[in-house]
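First up is the structure itself, then whatever we jot down about it.
The values are calculated or read from the model by the stated rules, or taken from the named source; none is laboratory data. As the structure is a computational prediction, the values presented were derived from the model and not from experiment. Neighbour counts are summed over all protein chains in view; Cβ atoms, including those assigned to glycine, are modelled from backbone coordinates with ideal geometry.
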Amino acid sequence: MGSSLSSQIILDELYDDWSELDIYLDGDDVEGGGVDILATGATMDSDYLYLYLQVERNRLLQETDGLQVLLDIDNDVNTGELMHGLGVDLLFDFGARAGVSALDVRRGYSHDDIGLISSPTVSSSEWEMLIRRTAPVDSEIDYVISDSCKYVWRFTGGDVAPDQGTLNVDRADIYDREYSTDLSVAEGTDLRVLSYNVLRDRPLESSSARSALGRVLRTLDPDVIAFQEIYEHSSLEVAAMVNTLYPPDIGEQWYHAQVQPDIILVSKANITATRSSDGNGYFRISHADRDWLIVNCHLPCCENDFGRRQEIDRILQILRDIQAGTHPLEVQEDAPVIILGDMNLVGSNETRDALLLGDIDRNGLYGPDFDPDWGRGALTDAVPLTTGLPATISWNPSGGSFSPGRLDYITYSSSSVEVLSSGALLSSALSPEALAATELREDDTDRISDHLPLFADFRAVGTVSTADPLARTAVGNGVLKYYLRAGSVHILPNGTIALSLISPYAGHVHTMSVEADRLTVPEITPGMYIASLLHQDGTSSHQLWLIQ
C-alpha cells in the first residue's frame, strides 16, 4: 500500500482521491450467485483509518449480510483471534451493524465505539469509510490503531480479499489534512440559505435547545431558514423565536410561511407565494428584483423508498410545470431553483438520481422526464462538507444501529445560481480554536437535533437590472443569450477576470477588465455582441449579448 498522500481522503461519494493509492484488485472470482469483492484500498492519517471497497453490484452497505472487515490493529498475529492469517483485534459486520472486539476480552461493540462513518448512505457498488484510530471518549472498548496494521475483507462463507495473505496499511508520511471550519459568509453572496430538521419542535420545547439554536443562527448568519419537523407551532411563533434569537438588521424583517404538517420557511427576503404538495413546500421569494424558488422538503423516512420516489415524481412534475409557465406558482424565467431539506435518502441511489436528473418514474401520472435546470441539464448537488470532519454527514444519531450518514441535501440550478461555499455544522467536531472563534459550545448541534444545519452561500448569475425584466435563453451548444440594457449590472461566472465584446458585423472589439465578477454594461452602440470571458484558471467561455 502507498505510504504517502498529496491529497486528502474525503467521504464525499467521489473516489478520485483514491487514485493516488495502490488499490488491491481482487478480480471476478465468485460463482453461484455469491457477492464478488472487486477492489479495496486503505490509508491512515494521524486521526483516522480510511478504507475503500468495491463489489460487483449496487447494494446498501449497512444491509449487506455477511460483509465483514477484520482488523489487526497492532500488526501482531499473536494478539486477538487468529483468522485469515491475522491476529484480529476488531471485527465489524456491516450487515449486522455491530462488531466484536478481541482485545483484552471478547465483547461486542457498536459503530459509535469506533467512530465509524461510511459513504454513501444510498445504495452503491463502492464505498469509502473511516474509523477513529483511538477510541472515542464514551467508547465501550479501549483501543489504539498503530501506525502499521493489517486488514482483510470477507463475506462469511463467500469471497475474501485478498485471496491469499493479508493487506498492509501504513500511516501516510506526507498528509496535509485540512478540514473545513470556515463558517463565515463568502464574499459576493446574495443569500445564505440554511436547511435544518430540528427534531419535533425541539427548540420551541426546550430552553437549552433554543439557546443553542440562537448561537448557531448568530454564528451562521443565514438569510433564509428552511425548517423541517416543526409540527406543533405556527410559522408566526417560529419567526418570533428567530427574531428574538437572531434579530435582523435595521430595515430588515423576518418573513414567514408554513406548509402542513411540518415545513416552515423564515426569510429576510420577502416570501411572495406559497404552494404545497405531499407536505413539501414551494416558496417564491424576492431578492434584488429577482424571483427565487425554494422547495423545502421532508420526504418519507426509513424503508419507504417507494414513498420517497412518489414524492420526487410530484416535485419534478410541479417544477417542470413552473418552468413551463403552466403552474399557478409563477416565477421569472431562469429564477434560481433550490431544492433542499431532509430527503431521508437511505435506499436506492436511483431515487436520489431521479431528483437530480428529472427522471419521473410514473410518466403516465406525472408526465414526461425533463432537464430540471431550466432545460439545460441536471440539478447540482452541493454535497456540503461536515465541519471538522473529512466527511459529508448531515445526520449524527446518538445510539441506534445505523451509523451517521447523509440524509439532508441542498440541490440547485447551476445555470442560474452558483454556490460559493457550503457546509454542515457539527459543533462537537470543531477544534477548541475554531469554537473559540465563535460563541458556539461543543454540544450545541447535539442539543438541537440529530440532524445538522446545512448552509450554502448562493450567488445568482445573469442580469441584474431594475429597468428591464430578466431574460435569458439558451442558443446552440449551451451558449447563453442575454438581453441587457446599457448601464445595467451583469453578473459574470465566478473567477472572470477580463471580457471582450466583439461585434460580429462591425468588427469592433471592446476589451474590459473585471472586478468582483460584476460588470456595468458599457454605453456602446446597441446591437448583438459576442462576449468572450477569460477566467482565472486560463479557460474562456462565451455569451451572446443583445444590448438595448
Residues of region 233-250 that turn out to be under 27 Å from the mean Cα position of the chain (by Cα) and not in a helix (DSSP H, G or I), as a count: 1
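Of the residues in region 526-539, how many are of a type in the set (S, T, N, Q) and under 12 Å from LEU492 (Cα atoms)?
1
Which one is modelled with the highest pLDDT among residues in region 416-439 that are crowded, with 23+ Cβ neighbours inside 10 Å and in a loop (DSSP other than H, G, I, E, B)?
We begin by selecting, within region 416-439, every residue crowded, with 23+ Cβ neighbours inside 10 Å; these are 416-417, 423-425, 427, 430.
Retained after the next criterion (residues that are in a loop (DSSP other than H, G, I, E, B)): 416, 425, 430.
Values: SER416: 94, LEU425: 97, LEU430: 94.
Ranking the candidates gives LEU425 first.
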Counted residues, region 492-512 - those being of a type in the set (Gly, Ala, Ser) and either modelled with pLDDT under 80 or under 15 Å from LEU546 (Cα atoms) (or both): 4
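To keep it simple, each residue is scored yes or no on (1) touching a Lys or Arg at 6+ places or on another chain (Cβ under 7 Å); (2) part of a strand (DSSP E or B); (3) not assigned by TED's automatic domain parsing to the domain that holds ILE322.
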| site | (1), (2), (3) |
| --- | --- |
| GLU252 | yes, no, no |
| HIS256 | no, yes, no |
| LEU265 | no, yes, no |
| THR274 | no, yes, no |
| GLY281 | no, yes, no |
| LEU293 | yes, yes, no |
| CYS302 | no, no, no |
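Please pick out the residue among ASP104, ASP93 that is more than 20 Å from ASP147 (Cβ to Cβ), modelled with pLDDT under 95 and assigned by TED's automatic domain parsing to the domain that holds TRP153.
ASP104
A quick yes/no check of all residues on (1) in contact with a helix residue (DSSP H, G or I) (Cβ under 9 Å, 6 or more places away or on another chain); (2) surrounded by fewer than 17 Cβ atoms within 10 Å (Cβ to Cβ):
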position	(1), (2)
GLN260	no, yes
LYS268	no, no
ILE285	no, no
ASP289	no, yes
LEU293	yes, no
ARG308	yes, no
GLY325	no, yes
GLU330	yes, yes
Hey, GLY377 in contact with a Phe, Trp or Tyr (Cβ under 6 Å, 6 or more places away or on another chain), surrounded by 15 or more Cβ atoms within 10 Å (Cβ to Cβ), assigned by TED's automatic domain parsing to the domain that holds ILE339 and modelled with pLDDT under 95 or not: no
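Being of a type outside the set (Gly, Ala, Ser) and not in a loop (DSSP other than H, G, I, E, B) narrows it down to one residue among LEU183, LEU194; which is it? Don't jump to the end; show me each part of the working.
On the way: LEU183 fails: not in a loop (DSSP other than H, G, I, E, B).
Result of the check over LEU183, LEU194: LEU194.
Across region 188-203, what is the total count of residues that are surrounded by fewer than 17 Cβ atoms within 10 Å (Cβ to Cβ) and without any contact (Cβ under 8 Å) to a residue 40 or more places away in the chain? Quick ask: steps written out before the conclusion?
Within region 188-203, the first condition is being surrounded by fewer than 17 Cβ atoms within 10 Å (Cβ to Cβ), and the residues that meet it are 188, 200.
Restricting the remaining residues to those that are without any contact (Cβ under 8 Å) to a residue 40 or more places away in the chain gives 200.
Summing the residues that are surrounded by fewer than 17 Cβ atoms within 10 Å (Cβ to Cβ) and without any contact (Cβ under 8 Å) to a residue 40 or more places away in the chain in region 188-203 gives 1.
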Failed item, numbered, when TYR231 is tested on (1) of a type in the set (Phe, Trp, Tyr); (2) exposed (fewer than 15 other Cβ atoms within 10 Å of the Cβ); (3) under 30 Å from VAL489 (Cβ atoms): (3)
Residue selected from region 337-366 under the condition under 21 Å from GLY279 (Cβ atoms) and small (Gly, Ala, Ser), by the criterion modelled with the lowest pLDDT: GLY347
